[in-house]
Amino acid sequence: MLTPAFDLSQDPDFLTVAIRVPYARVSEFDVYFEGVDFKFYAKPYFLRLTLPGRVVENGSEQGSYDADKGIFTIRLPKETPGQHFEGLNMLTALLAPRKSRTAKPLVEEIGASEVSEGGVEAEDEEFDWEIEQVPYEEVSESALNPQYHYGFGNLRSGVFQRLQDELSDVIDIKDPDFTPAPERRQKRLDAELAKFDPDHYLADFFEDEAVEQILKYNPWWTDIYSKMMASLGKSQEQENHAALVSFSEEEKYQLRKFVNKSYLLDKRALRQVYYSLIDILLAYCYETRVTEGEKNVESAWNIRKLSPTLCWFETWTNVHEILVSFGRRVLCYPLYRHFKLVMKAYRDTIKILQLGKSAVLKCLLDVHKIFQENDPAYILNDLYISDYCVWIQKAKSNKLAALAETLKEVSLTKAQLGLELEELEAAALLVQEEDTASRAGRPVSRQQTPACPPEAGDTEESDSTTSCETEGSDSEQGELSGSESETVHSLQGPFLKERGDLLIDDGVCRNSAVKRCGGSLRKPPASPRAPGGSGPLIEELGEQLNSRVQVSRPEDSAAASHSSVQGRGDWQTPSD
């Protein structure tokens, strides 16, 4: 909490307390007074006074607030009219808690030990939670380091010197009072590069269904702009379209609450006002479109985060750098990061400027309401938006029209954002094409030699290894080279005729001598082989049947098995 600057004065019947609380949230404040106690709270300020005389609450108390000076004035009726309060200029004594107004103890124990005289606290003594306060002293500008300006028209300075802890989550720049504009810009660019996430950008680039839906939304200014272009000629475009923009009762109430001001701005400051207006409108257009006009708890964050004017107190030299900065921040911070949204917000801003100051004022009132309802962001209303709402009502329409034309002539490309977007997209598309080609370029050939079966035990492993080595050996399979596929097809019919006891069980070929085991083809471990090499041919035949089988030992004698294999070996003789 901050102790505000204050001043006390009196007349015969009232004590007047003037409290200076610049940039406080005046819509929520508390005042308490009773007897000699006075307390005031308006975030982030807190003031507690111990008055030199008693005051009373009798209905004649008064209060007022000067928005230009940021001063609360509170008149408290004296309990005894005509009483003169002494020491109103003794600020240190007024800030001291009641219990510490005197250093002499009220009760002294005679003959107490040295330890007790040292001030050892009793266990049941109530702890004093009141903080110590010191009077605020105004420091002359000559005693301070050179301060840099910000806010509407760069008219403010020194605001964040005392409020940095309270407002650290409102702006990104640290210590703006002593950070020059070039350093602000360099820090902003570095922060954007550190924040940019290529994965997030590419995800929105390829999966843009949500973005396309957002682009189809028509905000409130779209219909007004269409009506203006349809009903008004170009010569009347800037003269008669103000009536198309209407204000709600709530917006009218907002306008009545603003204090009428006049701003003395030189040409340089006035140019900054117009440039910053573009920056704020771009952020507002993006926020309105992505939320489809339904504000949420993130709206204030979106607007101030996308506007370097509000977030970094940026100053501008031309319109193009405003657009570049906005584009970079759209691709670094919000939920939807797509270049199409940057260009859509750019075109929306042009439409609003062409509609004139009534449409611009309606946008600013909406931003003002969003910030006012957000606890840390209300300070930006005092620095920028409130002044814009007052100033725009006196701005010249032809200036806004010229600003719209200037913005319309500016072009923006992905390469100008300095984030290597085109390289990222090209690399991502190349990877996507290679992945698609690799998936499409792997057809499975049915004539390939089946791989060695998986391990299923010591005996089966030995047989499987022998089988694979036999199939891969040119010396043992020389008579089958060049005609293996033809032989398999010629022998498929005789084999099916000979082994007529094949059964179909759940789509798997089975018989008394052929079993499916582990999805692989295995031969009997002790079955003798005929010279024709029946083992590999049975494996090939199993592949042709599109079913991987295992040949197990028949339950008959080994001689019967040998005879069966020899009989099949006669069929497997290839004809040259």
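The values are calculated or read from the model by the stated rules, or taken from the named source; none is laboratory data. On a predicted model such as this, the values are computed, not experimentally measured, just so you know. Counting neighbours? That spans all protein chains shown, and the Cβs are built from the backbone with ideal geometry, glycine included. These area figures cover heavy atoms from the full protein model, side chains too; ligands, DNA and RNA do not enter into them. Shrake-Rupley method; radii C 1.70, N 1.55, O 1.52, S 1.80 Å.
What the phi angles of region 190-199 give under the Karplus curve with 6.51, -1.76 and 1.60, with θ = phi - 60°, is a coupling list of 5, 5, 5, 5, 5, 7, 4, 10, x, 5 Hz, glycine and proline written as x.
Taken about its Cα centre, region 273-432 carries a charge dipole of about 500 debye when Lys and Arg each add +1 at the Cβ and Asp and Glu each add -1 at the Cβ. Rounded to the nearest Hz, the phi-derived 3J(HN,Hα) couplings of region 403-408 under the Karplus curve 6.51 cos²θ - 1.76 cosθ + 1.60 (θ = phi - 60°) are 5, 5, 5, 4, 5, 5, where x marks glycine and proline. When only alpha carbons are used to place a centre, region 334-368 and region 247-274 end up 18 Å from one another.
With the other protein chains left in place, how much accessible area per residue, in square angstrom, belongs to region 174-221 at a 1.4 angstrom probe?
Values: 2670 Å² over 48 residues.
Each residue of region 174-221 exposes 56 Å² on average to a 1.4 Å probe.
Residue by residue, region 426-432 carries 3J(HN,Hα) couplings of 5, 5, 5, 5, 5, 4, 5 Hz when phi is fed to the Karplus relation 6.51 cos²θ - 1.76 cosθ + 1.60 (θ = phi - 60°); x denotes Gly or Pro.
If R₀ is 45 angstrom, what is the calculated FRET efficiency for the pair Asp37 and Glu292, using the beta carbon separation as r and rounding to 0.05? Write out the running numbers ahead of the final one.
Numbers: r = 51 Å, r/R0 = 1.14.
Plugging the Cβ-Cβ distance into 1/(1 + (r/R0)^6) gives 0.30.
So how much slack lies between Asp175 and Lys227, counting 0.36 nm per residue of separation and subtracting their Cα-Cα distance, in nm?
Going from the current span to full extension adds 14.0 nm.
Here region 381-420 has 46 percent of its accessible surface on carbon and sulfur atoms, given a 1.4 Å probe and all protein chains in place. Taking only protein heavy atoms and a 1.4 Å probe, the accessible area of region 1-102 is 50% carbon and sulfur. Overall, the accessible surface of region 213-332 at a probe of 1.4 angstrom is composed of carbon and sulfur to the extent of 50 percent.
Looking at region 343-433, the accessible area is 40 square angstrom per residue; that uses a 1.4 Å probe and ignores ligands, DNA and RNA.
Taking 0.36 nm per residue of sequence separation and removing the Cα-Cα distance, the Asp7/Lys252 pair yields an extension gain of 84.6 nm.
Taking a probe of 1.4 Å, how large is the accessible area per residue of region 276-333, in Å²? Don't skip to the answer; put the middle values down first.
Working: 1270 Å² over 58 residues.
Averaged over the residues of region 276-333, the accessible area is 22 Å².
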